[in-house]
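Each reported figure results from applying straightforward, stated rules to the coordinates on display, with no laboratory input. Because the structure is a prediction, the values reported are computed rather than measured. Note that we place each Cβ from the backbone using ideal geometry, even for glycine, and neighbour counts take in every protein chain shown.
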Amino acid sequence: MELGLQGKIALITGGSHGIGLAIARALADEGCIILICSRSRDRLNVALEVLNTGGKSHYGYQFDALSRSSVEGLLVELYKQHPQGVDILINNVGGGGRWGNEAVLENSLTVWDEVYQKNVGVAIHLTCALLPEMVRKGWGRVIGITSIYGRAAGGRPWFNVAKFAETALFKNLSSNRDLVRSGVTFNTVAPGGIFIPDTGWDEQRQANPSAFNQMVDSNFPMGRLGTPEEVASVVAFLCSKKASLVNGASILVDGGECPVV
């Protein structure tokens, strides 16, 4: 399917590994110019080696999502190299689902603040900064990578609150007539359990493979976790001209895991 994305500039936060890198690869395959950003310069360099094959030129930016000044620095560097801004913004950086202590009252407010900033604050900052050029050009795609815990109860409360807020942010923007009638759409993609090497699920599997496999079989309707590529395929479609009427959606990519529709 021709997605009509050749030459579009796409910024993917947290784009150096996992779901973010899978999205970057999917959009690069569709002809997009990819800008990825990450806190780790080493991960950026490895990811760019993957992306910059066959004579392609993509770009990496180092930034810390927990620092507003670092986010502002990212924007300065981005506009220096790409004064026309971006066409696609994928707000993928996030996390914090395993941060803190399950005993809620034993956590400081710092946990709440940092998880909110990493998921919602940076998304607000980048979206507000990059939207004007999308509106001026008359086309844009803004997507938030949330979670099933942004659709249903579950998980630690700071993560649940942040993901609900991110879903609400883009749902609200999707009903703004001045923005969407300019050709910009806003959607969220809510993954369920996704297996990413060297992250929490992988650590559990390595610690006790038998118990891990039993847990997956019991808790996931399809009997397996998802892959980053399965999330990326949905995101690529939402970015396309084929998805021009999809606006304000929160799309589950969870194999039936989420208990609500």
Consider residue 167 against the criteria (1) surrounded by 22 or more Cβ atoms within 10 Å (Cβ to Cβ); (2) under 14 Å from residue 120 (Cβ atoms); (3) touching a strand residue (DSSP E or B) at 6+ places or on another chain (Cβ under 6 Å): it satisfies all of them except one. Which criterion is unmet?
-> (1)
Hey, can you tell me all the residues within segment 6-25 that are touching a residue at least 60 places away in the same chain (Cβ under 8 Å) and either among the polar types (S, T, N, Q) or surrounded by fewer than 24 Cβ atoms within 10 Å (Cβ to Cβ) (or both)?
-> 8, 9, 13, 17, 18, 25
Does any residue in segment 70-89 that is on the phi > 0 side of the Ramachandran plot come within less than 6 Å, Cβ to Cβ, of a residue that is part of a helix (DSSP H, G or I) six or more places away or on a different chain, and which pairs are these?
-> 85/130; 85/133
Top-ranked residue in segment 167-199 [being in contact (Cβ under 8 Å) with a residue 60 or more places away in the chain and aromatic (Phe, Trp, Tyr); ranked as farthest from residue 88 (Cα to Cα)] = 170
Can you find even one residue in segment 101-123 that is farther than 17 Å from residue 155 by Cβ and in contact with a strand residue (DSSP E or B) (Cβ under 8 Å, 6 or more places away or on another chain)?
-> yes
Out of curiosity, is residue 231 of a type in the set (A, V, I, L, M, F, W, C), under 13 Å from the mean Cα position of the chain (by Cα) and under 22 Å from residue 153 (Cβ atoms)?
-> yes
Conditions (1) closer than 17 Å to residue 78 by Cβ; (2) without any contact (Cβ under 8 Å) to a residue 40 or more places away in the chain -> residue 65 fails only (2)
Hits in segment 82-109 - residues which are surrounded by fewer than 10 Cβ atoms within 10 Å (Cβ to Cβ) and within 14 Å of residue 59 (Cα to Cα) | none
For segment 187-210, state whether one or more residues are touching a Gly at 6+ places or on another chain (Cβ under 6 Å) and either within 21 Å of residue 121 (Cα to Cα) or of a type in the set (Ser, Thr, Tyr) (or both).
-> yes
Would you mention how many residues in segment 117-159 are surrounded by fewer than 24 Cβ atoms within 10 Å (Cβ to Cβ), closer than 19 Å to residue 177 by Cα and either out of contact with any Leu (no Cβ under 9 Å at 6 or more places or on another chain) or among the small types (Gly, Ala, Ser) (or both)?
-> 8
